[in-house]
Amino acid sequence: MTPTPPEVPEPPVRLFLVDDQELVRAGFAMVLDATPDMQVVGQAADGRAALDALTGPGRVAADVVLMDIQMPRLNGVEATRALLAEPGAPRVLVLTTFDLDEFAFAALQAGASGFLLKDAGPRDLLAAIRAVHRGDSVVAPSTTRRLIDTFVAREQPGTAADEPPYGDAGARLSPLTDREREVLVAVGRGLTNAEIAASFFLAEATVKTHIGAILRKLDLRDRVQMVVLAYETGLVRVGDE
């Protein structure tokens, strides 16, 4: 009988910490390096130093970047936008002090996979990192909607009520089927997969299939970007129920 080969352990998640407060970085590093499936591979005190380390010659290979928002030289929003423009860029998890920080919303628009409060406990921090690493979003739909409800109107103060705020929404959404548009609207309104399935009398697995198709057709990173796009195109509006 052929012996079963031993399982090869998964490599640890490589993390890069960006925060202008050394004590904050040290606290995160202590928790993360003590976790068997995680490894801190680098740190930076501002966005410019992070870009130099992650995109420059001899760059640090990271899977997930924990990015502070308000930093000197280059803030976390601009650093996230520049970093994610690079091929093979790591995913970005934004760290913020307030869950209604308008900079956090801007970071989501820039392509971050989600945001986490700095006072989150170690369990929440580790769960968020693992979720981002596997390609998921760590922002609950209800929280995302609260952010967008608060700030999307400020982003487009001159937009008419009946006019999509960002270009030709019809062209942007044209690859979608009618059902996929309905699912995108539901995601934009903050519904979970289970709630969408109940609303449309679908299996939850079918909802997941539709969401996967939407992400692929519209070249979106995750559920967060689906919600942002639903608002940006006018498919969902502030105050919709």
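Observations on the model:
- Net charge of neighbours whose Cβ lies under 14 Å from the Cβ of V60, counting Lys and Arg as +1 and Asp and Glu as -1: -1
- Measuring nothing but protein heavy atoms, the accessible surface of the range 168-233 at 1.4 Å probe radius is 52 percent carbon and sulfur.
- Mean accessible surface per residue for the range 168-233, computed with a 1.4 Å probe while every protein chain stays in place, in Å²: 46
- Two-site label geometry, A127 and Q21: point separation in nm, points 7 Å out along Cα→Cβ: 2.3
- If the chain linking D219 and E86 were pulled fully straight, counting 0.36 nm for each residue of separation and taking away their Cα-Cα distance, it would gain 46.3 nm.
- Judged by the mean number of other Cβ atoms found within 10 Å, the most tightly packed of the peptides 205-216, 181-192 leads the ranking 181-192, 205-216.
- Positive minus negative residues near A194 (Lys, Arg vs Asp, Glu; Cβ under 13 Å): -1
- The mean accessible area for residues of the range 13-146, using a 1.4 Å probe and ignoring ligands and nucleic acids, is 45 Å² per residue.
- Ligands, DNA and RNA left out, the 1.4 Å accessible surface of the range 13-146 is 52% carbon and sulfur atoms.
- Accessible surface of R48 - all protein chains present, 1.4 Å probe, nearest 10 Å²: 100
- A simple charge model with +1 on the Cβ of Lys and Arg, -1 on the Cβ of Asp and Glu and nothing else charged puts the dipole of the range 13-146 at about 320 debye relative to its Cα centre.
- Estimated vicinal HN-Hα couplings, Hz - the range 219-233 in sequence order (Karplus 6.51, -1.76, 1.60; Gly, Pro = x): 6, 9, 7, 6, 5, 4, 5, 4, 5, 4, 5, 4, 6, 4, 7
- A cut-off of 5 Å between modelled amide H atoms, ignoring neighbours fewer than 5 places along the same chain, links L116 with V94, L95, T96.
The values are calculated or read from the model by the stated rules, or taken from the named source; none is laboratory data. Note that this is a predicted model, so its numbers are computed, not measured. When we count neighbours, we look across all protein chains shown, and the Cβ atoms used for this are built from the backbone with ideal geometry, even at glycine. Note: accessible area is taken over every heavy atom of the protein model, side chains too, but ligands, DNA and RNA are not part of it. Shrake-Rupley method; radii C 1.70, N 1.55, O 1.52, S 1.80 Å.
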